1. What number, in nm² with one decimal, is the all-direction average of the projected area of the convex hull of the alpha-carbon atoms of the range 72-138?
2. Arranged from highest to lowest average of other beta-carbon atoms within 10 Å per residue, in what order do the peptides 53-64, 113-124 appear?
3. Under 5 Å between amide hydrogens, which residues at least 5 positions from A109 or on another chain qualify, with H placed 1.01 Å from N in the peptide plane?
4. For K123, give me every one of the lysines with a C-alpha distance below 20 angstrom, ignoring sequence neighbours fewer than eight places off in its own chain.
5. For K6, list the lysines whose Cα falls under 28 Å from its own Cα; do not include residues on the same chain fewer than 8 positions away.
6. With θ taken as phi - 60° and the coefficients 6.51, -1.76 and 1.60, list the Karplus ³J(HN,Hα) couplings across the range 11-18 in order, rounded to whole Hz; mark glycine and proline as x.
7. Sequence-distant or interchain residues sharing an amide H contact under 5 Å with V122, placed H: which?
8. Got a sec? How would H14, H48 order by Cβ neighbour count within 10 Å, fewest to most?
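Read the figures in this text as sums done on the coordinates, not as results from a lab. No experiment lies behind these values; they were computed from the predicted model shown. Don't worry about glycine lacking a Cβ; one is built from the backbone with ideal geometry, like all the others, and counts go over all protein chains shown.
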Amino acid sequence: MASRSKPTPKVRPHDVQVPPSPKPAPPGASHRRSVPQGVERTAQVLVHQAGSVPKAKKAIDTAAGMERESEFREDQLAVRLGFRSRKDLLAASKALVDGNGVPWWATPAAEDSWIVWNEETVKSTKFATLNEATRSLADGQTGSQSASGAAFPEGFNG
């Protein structure tokens, strides 16, 4: 007995073309990430350091609020370095942490150099590269300059 091939269905021009449904991902499968690489890990560390998800969310909300608020000293530093606003200053800056866990910012300045600063101190040393600025913090060369002393540029006494 000869086998017959199945006839292919005829598609009419007015028939609706329905795409095949996507295959469901199995539990635990990796999905596309909506945040930059490394941010999820940082968030996990924050949750563990804060002690709970609500406390971590509160910390993030507080930090986001601080980003929106004006900070006179940082506004003045932004203007002195040639930025239009504190927001532009922070967008151009790279977050760093010194050997003692103190947060700092490295910001590109005029003449292809970088300055390092935090809410208490602006280092007087200019660095040729971001790596050099980062190494100075890792080496513990942050010094103990105070916010009220000569650590801030002239006119920067918020």
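1. Details: hull surface 16.5 nm².
With every direction weighted equally, the projected area is 4.1 nm².
2. Working: 53-64: 12.0, 113-124: 18.5.
Peptide ranking by packing, descending: 113-124, 53-64.
3. W114, I115
4. K94
5. K23
6. Working through the residues one at a time gives 9, 8, x, 8, 5, 7, 8, 9 Hz.
7. Amide H neighbours of V122: F152.
8. Working: H14 5, H48 10.
Going from least to most buried by this count: H14, H48.
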